[in-house]
Each structure stands twice: as structure tokens, then as C-alpha cells.
1. Enumerate the helices (runs of 4 or more DSSP H) found wholly within segment 325-392, keeping only those where 2 or more residues are modelled with pLDDT of 90 or more and β-branched (Val, Ile, Thr).
2. Out of curiosity, is residue 103 surrounded by fewer than 20 Cβ atoms within 10 Å (Cβ to Cβ), under 28 Å from residue 375 (Cβ atoms) and in contact (Cβ under 8 Å) with a residue 12 or more places away in the chain?
3. Among the helices (runs of 4 or more DSSP H) confined wholly to segment 208-296, which include 2 or more residues that are among the small types (Gly, Ala, Ser) and surrounded by 14 or more Cβ atoms within 10 Å (Cβ to Cβ)?
4. Quick one: in segment 145-164, which of the residues that are aliphatic (A, V, I, L, M) and open to solvent by less than 60 Å² (accessible area, probe 1.4 Å) is nearest to the chain's Cα centre (by Cα)?
5. In the set 81, 33, 25, 90, which member is among the aliphatic types (A, V, I, L, M) and under 18 Å from the mean Cα position of the chain (by Cα)?
6. For residues in segment 309-335 being surrounded by fewer than 18 Cβ atoms within 10 Å (Cβ to Cβ) and not small (Gly, Ala, Ser), which is nearest to residue 412 (Cα to Cα)?
7. Can you tell me how many residues within segment 182-205 are open to solvent by less than 50 Å² (accessible area, probe 1.4 Å), at pLDDT below 85 and part of a helix (DSSP H, G or I)?
Amino acid sequence: MAGAREKVTLAVLFAGVLLAALDIAIVGPALPAIRDTFAVGPRWLPAVFSVYVLFYLIGTPLLAKRSDRLGRRRVFGESLAIFGAGSLLAAAAASFPMLLLGRAVQAFGAGGLLPVAAAVIAETVPLERRGRTLGLIGAVFGVAFLLGPLLGGLLLRSSWRWLFLLNVPAAAGLLLASKRLLPQAPAGEPRRFDAAGSALLAFLLAALVAGLGQIDTSAPAASLRSPTVWPCFALLALGLPLLWSIEKRVADPVVPPALLRSPQLRVVGAIAVAVGAVEAGMVFLPDMAVLGFGIDAATASLTMLPLVATLAVGAPLAGLLLDYIGPRSVVQLGLVFTVLGLTLFGLLPLGWAGFYASGMLVGFGMSSLLGAPLRYIALQEAGAERRGAGQALLTLCVSVGQLVGAALIGGVVGSASAALPGYRQSLLAVAAACALALVLSAALRGRVMGRRGPLGKA
């Protein structure tokens, strides 16, 4: 690619990634309307969010490997077609299970968009601009997570079904553009797909979500003995060693053991799980506003504006600070702001001033965590030969955090006397997870090896 054609191709790739990312969180403002339409209880309502994250994780390795065999253009188009079909199914849903099925199909297709886009960039963009372009496409995914509720609120003024229906023409347009612009030839001889590891990972994540979602936080000890809870955690205890054993033997593991041997990457992964849990918590802020202020769902989405605005201001600032104070300090500042914001959400008397101040603190905090710093550390620690795997591991950890966060919120809200205090308690639990991540961040190196410029010598 060169010149104008490269820019147009990158625009198509970025738009595909944005479409997939927006639909993770775009349902946030619609949750009250979906709850009323299908009479869904608070314990199951987070499934609208978590089923998307789970099937996105399932689709990503399958479609990425398929693109190695059949070509980027074909699989990018297939992914858009599956995403569009799932969107249409969700828009037409006559029941809550049908809505979840549509979300699952959507997410499976969306799972092919980011890895194919990253592969096209890695294969076609010149080396001197490749890292910056990959970083931008990762940042699109993070920022879209917080922009989704705003867009969802605008569409919700008509009906929650429009959140899904408008994906259909968008996916069709991108499909036509990708057929003309994306390269067709496969990258080369693919390695054998880690089917066993991928299937087991998806099964264990589903067990984790099911177990956490059924815990009664008002009586945790008793609920852990419940037949709907303890088998899930028993499966986890048995399945995790088996997953590790499988991943050590396969040529191209979905969870690379070599990367997990790095202490720095283990810490980054733990922080990424906490970041994902925060993202899950932010999806439910519009519902908190509906319950706490008595406003409609479309208006409630606008309460996200201060959070998104501070994230937009803070992201470039975090990138600048990265060069001068190092990634560890930037990550720690982000975690401090995030913990403060979440704690205020949970403890302050509910009022507009406190709600907006809390959102701004979380926005500043997440601006230092969603963008460059964690990805920068992961890129450096993974090394040139495993950069793709390092980014994939980081994405996996964020997605696990989103799943755990959504399940935790569902369990806490479902066990509370009312939904609003349940949401506030769950945000305090997420704040505690971020505080633990802050403690772990002390193990990060202050200056990454090989860095030049304002950081000085490594």
C-alpha cells in the first residue's frame, strides 16, 4: 500500500475495529429498556454485555487462524457478514434468549475484525510507521468502549433495537469496501490451530462467569456451597492445570506460556484484568443514573460526557508523560485516579456534582490505562518476535477482566436489596481490585530496557 490507497485501506480497517468495539458497550444505555421489554432480573441483565465479550474471545483465535489459511480479505468480509447477521438477529429479538443469541453471533464475527486488521497492518505498513499504527488501532478499541454509551443514548431516543439494526448497513458498506481494498493472499504457511486450548479457555471463562454471577454476596459462604456455584469453581480448579499443560505442548498456543514466564508481563496482565473490570463497571453507569436521578435512558447516556471528555484530554497527556516519567509512573497515576473515582461513586451521596466528579476522575485514570502505557510495556517485554502474541495476551487479560467485572456486578446487584445500592457496592469491589493492581504495579520497571530519549539510558 502507498499514499492515498494506504490511507483509505487503513480507514476501512479502523472503521471495522470501531464497529466491533462500539458494540461491546453500546448496550449500556439500553439496559433499562431491555430489562423492561423482557422483564429481566438484575442478576441476568449483565449477560447482554458478558455474552458479547465471551464470544468475541472465542471468535478471535478461530477467525485469525482462518485468515492465515484463506486470506485477510475473505475473512474480514466473512467477519463483517457474521457481525451483520447477529446484529439483525438481536434487533429482531422477541425474547431475551434470542437477544443473547444475536449478541453471541455478533461477537463471534467481531472477533475476526481486530486480528485481521492488525495482520494487514503488520504485513503492509512500513516498519517505521507500523508500531504507531498498531498502537492507534488498539487505542480505537479502548476509546470506543467509552464512546459506545454516548452513541447508544442517541440511538435509544427511537428504540433500543436501532442500536443493532444500524450495524447492518454499516457492515454491508465496509464489506463492499474491503473487497476492493484489502489484500487477498494468505500471509504464509499457518501453524496448527490450538483448538483444544481455545475451546478449554472458552469453557473455563464461561464457568467463571456462571459461578461469579450466582454468588449471593449477602451470604457468600452459603452460596459457595450452592449446586449452581461450587461446580463452576471446581471445574476451574481442574481445568486451569489442564489448560497450562496443553499450552506448553502446542506450537502456537492461545495463551503463550513463554510470555507468562515474564514477571513484568504477569503484572501487566493482572493490571489489564483490573482495567477490564472497570470498563465493565462503566457500562452500567447510565442505569445508575436512571435509577438514582429518575431520568430516561437516552438522557442518562449523556451523563457519560464528563468521563469521555476527560479520557479524550488525558490520553494524549498520558502519551507525553510516558516519554518523561516512564510507564510505571503513568500506570500508577492512572490507577490512583481510577480508585479515587470508583470509591467516590460508591461512597458519596448520590448527586449530580459527585456523579460528574467521580466520572472525571475515572476518565483521567482510564486515559492512562487504556492507551499506550500497558501496550508499550507489553511490546517491549514480548520482544520483536512475539509482539503480536504480547498484544493478544494483553487483549485477552482485558477481556477476562470485562467478563469477571460484569459477572461480579450481576452477582452483587442481584443480591442487594435494590439495584442502585448494588451497583454502588459493586463499584467499590472494582475499586478494591484496582487498589490491588496499584500495589502490584510497584514491581514494574520504572524505565523499560532499550528506551532512548527523555528517559535516558535504560
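1. On the way: elements: 327-347, 352-367, 372-382.
Because the criterion is at least 2 residues that are modelled with pLDDT of 90 or more and β-branched (Val, Ile, Thr), the helices (runs of 4 or more DSSP H) in segment 325-392 that meet it are 327-347.
2. Values: surrounded by fewer than 20 Cβ atoms within 10 Å (Cβ to Cβ): no; under 28 Å from residue 375 (Cβ atoms): yes; in contact (Cβ under 8 Å) with a residue 12 or more places away in the chain: yes.
No; evaluated as a whole, the condition is false for this residue.
3. Values: elements: 220-224, 230-249, 257-260, 263-283, 285-293.
In segment 208-296, the matching helices (runs of 4 or more DSSP H) lie at 263-283, 285-293.
4. First pass over segment 145-164, keeping only residues aliphatic (A, V, I, L, M): 146-147, 150-151, 154-156, 163.
After this cut, where a residue has to be open to solvent by less than 60 Å² (accessible area, probe 1.4 Å) as well, the list is 146, 150, 155-156, 163.
Details: 146: 10, 150: 17, 155: 22, 156: 22, 163: 18 Å.
In this case the residue turns out to be 146.
5. Numbers: 81 fails: under 18 Å from the mean Cα position of the chain (by Cα); 33 fails: under 18 Å from the mean Cα position of the chain (by Cα); 90 fails: under 18 Å from the mean Cα position of the chain (by Cα).
On inspection, the qualifying residue turns out to be 25.
6. Ranking the qualifying residues of segment 309-335, first place goes to 313.
7. 5
Here is a yes/no grid of residues against (1) touching an Asp or Glu at 6+ places or on another chain (Cβ under 9 Å); (2) assigned to a helix (DSSP H, G or I); (3) surrounded by fewer than 20 Cβ atoms within 10 Å (Cβ to Cβ):
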{"site": "11", "(1), (2), (3)": "no, yes, yes"}
{"site": "17", "(1), (2), (3)": "no, yes, no"}
{"site": "20", "(1), (2), (3)": "no, yes, no"}
{"site": "30", "(1), (2), (3)": "no, yes, no"}
{"site": "48", "(1), (2), (3)": "no, yes, no"}
{"site": "58", "(1), (2), (3)": "no, yes, no"}
{"site": "61", "(1), (2), (3)": "yes, yes, no"}
{"site": "64", "(1), (2), (3)": "no, yes, no"}
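The values are calculated or read from the model by the stated rules, or taken from the named source; none is laboratory data. The structure displayed is predicted, hence computed values, not measured ones. When we count neighbours, we look across all protein chains shown, and the Cβ atoms used for this are built from the backbone with ideal geometry, even at glycine. Heavy atoms of the whole protein, side chains included, go into the accessibility calculation; ligands, DNA and RNA do not. Shrake-Rupley method; radii C 1.70, N 1.55, O 1.52, S 1.80 Å.
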